[in-house]
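Asks: Okay, handing you the structure first.
The values are calculated or read from the model by the stated rules, or taken from the named source; none is laboratory data. Source: prediction; values computed, not measured. Using ideal geometry, Cβ is built from the backbone for each residue, glycine included, and neighbour counts are taken over all protein chains shown.
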Amino acid sequence: MLEVNDIQAFYGASQALFGTCFKVKPGQVVTLMGRNGMGKTTSVHCIMGMLPVREGEVRWEGQKITNLPSYRVAQMGIGLVPEGRQIFPNLTVLENLVATAKLTNNKARNWGLDRVLDMFPALAVRLKGPGNLLSGGEQQMLAIGRALMTNPRLLILDEATEGLAPLVRRDIWTCLGQLKAEGLSILVIDKNVRDLAAIADHHFIIEKGCIVWQGDSRSLLDGSDVMSRYLGF
């Protein structure tokens with residue numbers, strides 16, 4: 001479904017990615033893990049056309065999408081929940097949700113306003129309020145809801161639960177479990193290894209712009225040396 005093949009990327013003269021490779025198959029939940037500054041968000045930005053790929057390629061459902069404009073990538077079915085949420089602070093919750101909404105031909109699986117509010121009822125009572133008055137957890141729910149309203153076939157979450165209270169983190173993981181059960185493909189970046197292991201099919205660990213380990217959840221949890229060396233646990 002999504003293939004990232006040997007991509008290299010730079011910030012000015014500084015190289016950030018050195019032949020990074022990973023993939024997401026249809027219906028999978030895949031993680032991209034690593035310490036801060038190792039290339040996780042940079043990889044997402046390359047997928048979404050937010051940072052140029054110097055070498056290598058990004059393919060979506062067999063089609064090369066390397067360096068396409070971000071809006072084109074989104075139109076093709078990749079939804080992003082960015083690091084830091086990045087909601088529209090001066091728009092209401094309702095306006096945030098409908099601003100980028102897109103209908104699909106599959107009415108049974110269409111993500112519309114009612115369905116998003118069913119998943120995140122806390123947003124239903126705040127529809128007319130501005131986004132910047134929401135709590136951090138509510139803003140993350142709004143960011144996920146906004147991405148779902150584009151009806152993606154792949155959902156990318158960058159730092160899915162960073163800075164959130166434990167109860168809110170639990171709600172986010174429950175949401176992702178429900179989305180997986182519905183067959184949505186998900187690429188998620190987060191630091192909560194146990195929670196990731198509970199829902200993910202495959203894991204990739206990135207270190208200094210290179211994928212240094214990959215495997216399933218059992219291999220990850222059994223590999224204490226892997227978590228200690230690359231994740232700091």
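Asks: Going through Ser217, Ser185 one at a time, which residue ends up being of a type in the set (S, T, N, Q), in contact (Cβ under 8 Å) with a residue 60 or more places away in the chain and touching a strand residue (DSSP E or B) at 6+ places or on another chain (Cβ under 8 Å)?
Replies: Going through Ser217, Ser185 in turn, the sole match is Ser185.
Asks: Among the residues of the range 29-80, count how many are part of a helix (DSSP H, G or I) and not aliphatic (A, V, I, L, M).
Replies: 10
Asks: So Leu32 fits all but one of (1) buried (at least 22 other Cβ atoms within 10 Å of the Cβ); (2) touching a Cys at 6+ places or on another chain (Cβ under 6 Å); what number is the exception?
Replies: (2)
Asks: Looking at Pro89, Pro82, Pro26 in this structure, which one is under 27 Å from Ala200 (Cβ atoms) and surrounded by fewer than 16 Cβ atoms within 10 Å (Cβ to Cβ)?
Replies: Working: Pro89 fails: under 27 Å from Ala200 (Cβ atoms); Pro82 fails: surrounded by fewer than 16 Cβ atoms within 10 Å (Cβ to Cβ).
Exactly one of Pro89, Pro82, Pro26 is under 27 Å from Ala200 (Cβ atoms) and surrounded by fewer than 16 Cβ atoms within 10 Å (Cβ to Cβ), namely Pro26.
Asks: Would you confirm whether any residue within the range 60-67 is modelled with pLDDT of 90 or more, surrounded by 14 or more Cβ atoms within 10 Å (Cβ to Cβ), in contact with a helix residue (DSSP H, G or I) (Cβ under 6 Å, 6 or more places away or on another chain) and at positive phi?
Replies: no
Asks: Something else about it: With the condition being within 18 Å of Gly27 (Cα to Cα), I'd like the helices (runs of 4 or more DSSP H) fully within the range 105-162 carrying at least 1 qualifying residues.
Replies: 136-148
Asks: For residues that are under 20 Å from Gly79 (Cα atoms) and either at pLDDT below 90 or surrounded by fewer than 16 Cβ atoms within 10 Å (Cβ to Cβ) (or both), tally how many sit in the range 113-134.
Replies: 3
Asks: Just give me the residues in the range 81-104 being touching a Leu at 6+ places or on another chain (Cβ under 8 Å) and either in a helix (DSSP H, G or I) or of a type in the set (Lys, Arg) (or both), in sequence order.
Replies: If the condition is that a residue be touching a Leu at 6+ places or on another chain (Cβ under 8 Å) and either in a helix (DSSP H, G or I) or of a type in the set (Lys, Arg) (or both), then Arg85, Val93, Leu94, Asn96, Leu97, Val98 are the ones that fit.
Asks: Would you call Arg169 crowded, with 16+ Cβ neighbours inside 10 Å and charged (D, E, K, R)?
Replies: Numbers: crowded, with 16+ Cβ neighbours inside 10 Å: yes; charged (D, E, K, R): yes.
Judged against the criteria, Arg169 is a match.
Asks: Let me ask you something else. Within the range 176-233, considering only strands (runs of 3 or more DSSP E) that don't extend past its boundaries, which have at least 1 residues that are surrounded by fewer than 19 Cβ atoms within 10 Å (Cβ to Cβ) and within 15 Å of the chain's Cα centre (by Cα)? I'd like the intermediate steps shown before the answer.
Replies: On the way: elements: 185-189, 202-207, 210-215.
Passing ranges, in order: 202-207.
Asks: Mind telling me which of the residues Glu83, Glu61, Glu55, Glu3 ends up being out of contact with any His (no Cβ under 7 Å at 6 or more places or on another chain) and under 24 Å from Gly215 (Cβ atoms)?
Replies: Values: Glu83 fails: under 24 Å from Gly215 (Cβ atoms); Glu61 fails: under 24 Å from Gly215 (Cβ atoms); Glu55 fails: under 24 Å from Gly215 (Cβ atoms).
After applying the criteria, what remains is Glu3.
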